[in-house]
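The values are calculated or read from the model by the stated rules, or taken from the named source; none is laboratory data. On a predicted model such as this, the values are computed, not experimentally measured, just so you know. Glycine gets a Cβ as well: all are built from the backbone with ideal geometry, and neighbour counts include every protein chain shown.
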Amino acid sequence: MSTPDDLDLAAQQANALQQLDAAETSDAIEDFYRAWLAPSGATTKLKRGIGRLAPADRAAFGKNVNALHTLLEERFQQRREHVKTRELAARILAEARDVTLPARPRPTGGYHPVTLVMREVLDVFQKMGFSVFESPHVELDEFNFGLLNMPENHPARDMQDTFYLDTERLLRTHTSAGQIRAMRAMHPNPVRVVLPGLCYRNENITTRSEIQFHQVEGLLVGRSVRMSDLKGVLLQYARLLFGSDQRVRLRGSYFPFTEPSVEVDILCTLCGGAGCRVCKHTGWLELLGAGMVHPVVLANGGYDPREWRGFAFGMGIERTVLQRYDIHDIRYLFGNDLRLLEQFR
Ligand code: PHE
């Protein structure tokens, strides 16, 4: 192998190009530069060797060293480009991400279908100026029954099979239990509230009934409230929730805490009144119970029934959920089966 002292330029050139070809990394390329082309490198040393030559040969040798330097400089640039490009390509390949791959699904929560319908219902009443009033699930017998005009041993208590916690406390059987609480909280101002929440009854569990279910109660108390106001509010509610051509039908009924009392139906949301399986070919669906607040209940809430009047209604939410989403068994709503819940995201 030639050394910098070796003035055989052809041998030096062959040696240099061989080293350059062997340089596979940026570091090796820089080493080559330092060895051959830098001011302290081999070509500079060759130039210094010129003194050892016969004067006649010096000009040609100087030219040839310069030519060698130029050649090595040129090859060095090319090789450096080449190695850099290859290194970049390797890095890109190593860091590559396939952006066309579908993202891995991230598990996210969703609202329960009951929550979805509940929110819609409350939204409609809030648009009509009702505010939400919450009352406890564990309730006093007095609020659930007594103050609602159902004293002890009143036969209407048997309409609802009750979970008692002790002699005074129970799980509320209806949101009507919150009526008295709302009136006492608002007195002496007019009342316009909706009371949402779970209710509990000790019933057989079937495809249509559960021991827990949601209700939304409405209560409006003012100085000149009439049955026609009740009907107007319920018609408006039915139209906002079920469509602008909805109709409501009032049938006489009985509740101890309203007088007169009605059951309210809407046109069947499936067949529009023509008659089908869902409405048992009547064309109507039962929506809720309602009536004018009984004077005894008004008085228990602190409102003088000679000056104040009110209406109240109470509706179950689950039935609307089952109809809306075509679910055939109420037990699915409390089963917490992800295969059902994941459909509501
Ligand atoms: N609380 C009654 C029920 O659960 C419904 C109702 C509420 C009726 C308000 C009249 C007025 O069946």
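So the values come out like this:
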| read-out | value |
| --- | --- |
| Residue among GLY272, GLY252 that is surrounded by fewer than 20 Cβ atoms within 10 Å (Cβ to Cβ) and away from the ligand (no atom under 14 Å from the Cβ) | GLY272 |
| Number of the condition not met by ARG192 [criteria: (1) within 24 Å of VAL121 (Cβ to Cβ); (2) part of a helix (DSSP H, G or I)] | (2) |
| Candidate set from segment 257-277 (those that are assigned to a strand (DSSP E or B) and of a type in the set (D, E, K, R)); member that is farthest from ALA238 (Cα to Cα) | GLU259 |
| Some residue of segment 239-256 being in a helix (DSSP H, G or I) and over 30 Å from ASN189 (Cα atoms) | yes |
| Candidate set from segment 278-331 (those that are within 16 Å of the ligand (Cβ to nearest atom) and in a helix (DSSP H, G or I)); member that is surrounded by the most Cβ atoms within 10 Å (Cβ to Cβ) | VAL297 |
| Selection count where residues are out of contact with any helix residue (DSSP H, G or I) (no Cβ under 8 Å at 6 or more places or on another chain) and either assigned to a helix (DSSP H, G or I) or within 13 Å of the ligand (Cβ to nearest atom) (or both), scope segment 198-235 | 16 |
| Filter pass, SER209 being modelled with pLDDT under 95, in the same structural domain as MET315 (by TED's automatic domain parsing) and within 22 Å of LEU270 (Cα to Cα) | yes |
| Those residues of segment 98-133 which are acidic (Asp, Glu) and surrounded by 13 or more Cβ atoms within 10 Å (Cβ to Cβ), in sequence order | GLU120 |
| Selection count where residues are surrounded by fewer than 12 Cβ atoms within 10 Å (Cβ to Cβ) and either under 15 Å from GLN18 (Cα atoms) or not hydroxyl-bearing (Ser, Thr, Tyr) (or both), scope segment 83-97 | 10 |
| Number of the exception - ASN153 against (1) on the phi > 0 side of the Ramachandran plot; (2) within 13 Å of the ligand (Cβ to nearest atom) | (2) |
| Count of residues meeting criterion [outside any loop (DSSP other than H, G, I, E, B), away from the ligand (no atom under 15 Å from the Cβ) and closer than 18 Å to GLU203 by Cα] in segment 156-172 | 1 |
| Filter pass, ARG339 being within 16 Å of the ligand (Cβ to nearest atom) and free of Cβ contacts under 8 Å to residues at least 40 places away in the same chain | no |
| Test result for GLY232, among the small types (Gly, Ala, Ser), surrounded by 15 or more Cβ atoms within 10 Å (Cβ to Cβ), within 39 Å of the chain's Cα centre (by Cα) and at pLDDT 95 or above | no |
